[in-house]
Amino acid sequence: MGRILIIGGYGHVGQKIARRLVAAGRPVMLAGRDGAKARAVAARLGCEATILDLERAETWTKPLSTASVVICCLDTRSAELARAVLERGVRLIDISATDSVLRRIEQLDGLARGTGALAILSVGLAPGLTNLLVQEARAQSPDATRFRIGVLLGLGDSHGPAAIDWTLRSLAPLAPGEIQPLRFGDDRRPLPSIPFDFSDQHSLMRRGFPEVETRLALASPLITPLTLRALAWSSGRPALRRALVHSMPFLRIGSDRAALVVEAYAKGREAPACRLELCWNLGDAV
């Protein structure tokens, strides 16, 4: 049995994946450009570690040669790592939520078919579960012409610096009317939500779905329409964004609740023809 190679394995998400796999008795190797950090985390989790620098292709050969599955927890600037994995006939799981990354890997479909490899993309919450909910919503409402995805994240959960930085970078200044109320689960009051550039909406429309929109809401008493505008404003200011990245992991004010909602709308109808929901506490899934 080959190893499961986790690139970005000592990061916030990579460690959670590794912990689960090690507990299940699977052979795991953590990889990253900082060998000392990879070895320290691997020693704590009870697995192996190696150096793999995305900017230095010469560091890829040895780790990939013993891997049967590669899980990539980092956004990649090109498709060359994915190409190197698939050329070897190795399975690839990519958890990126950035559409440009997924588009590059999708273009390697012919290569994967030729080598008998398999790449699984859009793995996670959004994209991932959101894509599946939209598929189910269309199955229940085949005449729907518009889908709205709502993603609720709680600020009481622990989010890694890389995830916080990615979220802040993905925000954009808000135009009038872009903050809209969205209800999750049994909430009596809807929460303010904003358009967010998760990749799920793009990949779904590339596969023939009509209009798809993804919106983000944050579960915390700190979040109001005013603070959402302030966060969006800060996205274009590097110094302020860096300060938020360093401080937000310690400002865990709110719950660790997460929720997804998908609404399917028929043409000319204001009320959704179908509404699907999932809700849980992220702490339960760790």
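The values are calculated or read from the model by the stated rules, or taken from the named source; none is laboratory data. Just so it is clear, the structure is predicted and the values come from calculations on it, not from any experiment. Cβ atoms come from the backbone with ideal geometry, glycine included; neighbour counts cover every protein chain shown. Keep in mind that these areas ignore ligands, DNA and RNA; they rest on the heavy atoms of the full protein, side chains included. Shrake-Rupley method; radii C 1.70, N 1.55, O 1.52, S 1.80 Å.
For L174, are the conditions met, namely being more than 27 Å from W280 (Cα to Cα), surrounded by 16 or more Cβ atoms within 10 Å (Cβ to Cβ), of a type outside the set (S, T, Y) and in contact with a strand residue (DSSP E or B) (Cβ under 9 Å, 6 or more places away or on another chain)? Answer is yes for this residue. Within segment 32-47, the set of residues being part of a helix (DSSP H, G or I) and farther than 21 Å from L81 by Cβ comprises A36, R39, A40, A43, R44, L45.
Taking segment 10-31 as the range and being modelled with pLDDT under 95 and either in contact with a Phe, Trp or Tyr (Cβ under 9 Å, 6 or more places away or on another chain) or not in a helix (DSSP H, G or I) (or both) as the test, the residues that pass are Y10, G11.
Selection within segment 186-211: residues that are without any contact (Cβ under 8 Å) to a residue 60 or more places away in the chain and part of a loop (DSSP other than H, G, I, E, B). The member of this set that is nearest to the chain's Cα centre (by Cα) is F196. A Cβ distance below 8 Å, combined with a sequence gap of six or more or placement on separate chains, defines the contacts here; from segment 263-274, residues that are under 18 Å from E136 (Cα atoms) reach residues that are open to solvent by 70 Å² or more (accessible area, probe 1.4 Å) and in a strand (DSSP E or B) in the pairs A264/R146; Y265/R146.
As a summary of the residue check, L74 satisfies the conditions (1) part of a loop (DSSP other than H, G, I, E, B); (2) under 18 Å from T214 (Cα atoms) except for the one numbered (2). Residues in segment 1-28 that are buried (at least 23 other Cβ atoms within 10 Å of the Cβ) and within 11 Å of C72 (Cβ to Cβ): L5, I6, I7, G8, G9, G14. Of everything in segment 118-143, what is small (G, A, S), within 19 Å of C72 (Cβ to Cβ) and buried (at least 21 other Cβ atoms within 10 Å of the Cβ)? Give them in sequence order. The answer is A119, S122, A126.
Among residues of segment 135-156 that are among the β-branched types (V, I, T), those with a Cβ under 7 angstrom from a residue that is open to solvent by 60 Å² or more (accessible area, probe 1.4 Å), sequence gap 6+ or separate chain, pair up as T145/E211; T145/K267. Restricting R169, R206, R188, R146 to residues that are open to solvent by 60 Å² or more (accessible area, probe 1.4 Å) and over 25 Å from L121 (Cβ atoms) narrows the list to R188. Here V101 does not fit the description of being within 12 Å of the chain's Cα centre (by Cα) and surrounded by fewer than 19 Cβ atoms within 10 Å (Cβ to Cβ).
Note on segment 113-127: among residues that are part of a helix (DSSP H, G or I) and of a type in the set (G, A, S), the one that is modelled with the highest pLDDT is G114. Residue count for segment 30-68 under the criterion of being within 11 Å of L5 (Cβ to Cβ) and open to solvent by 20 Å² or more (accessible area, probe 1.4 Å): the result is 9.
Of everything in segment 255-279, what is at pLDDT below 85 and either more than 17 Å from the chain's Cα centre (by Cα) or not in a strand (DSSP E or B) (or both)? Give them in sequence order.
Quick first cut of segment 255-279, residues at pLDDT below 85 only: 255-257.
Within segment 255-279, S255, D256 meet the criteria.
Scanning segment 82-90 turns up one or more residues that are under 24 Å from the mean Cα position of the chain (by Cα), at pLDDT 95 or above, crowded, with 16+ Cβ neighbours inside 10 Å and assigned to a loop (DSSP other than H, G, I, E, B).
Listed by first and then second residue, the pairs with beta-carbon distance under 9 Å, at least 6 apart or on different chains, first residue in segment 160-185 and among the basic types (K, R), second modelled with pLDDT of 85 or more and crowded, with 16+ Cβ neighbours inside 10 Å, are R183/G150; R183/L191; R183/V261. Taken together, the residues in segment 175-206 that are farther than 21 Å from R257 by Cα and among the polar types (S, T, N, Q) amount to 3.
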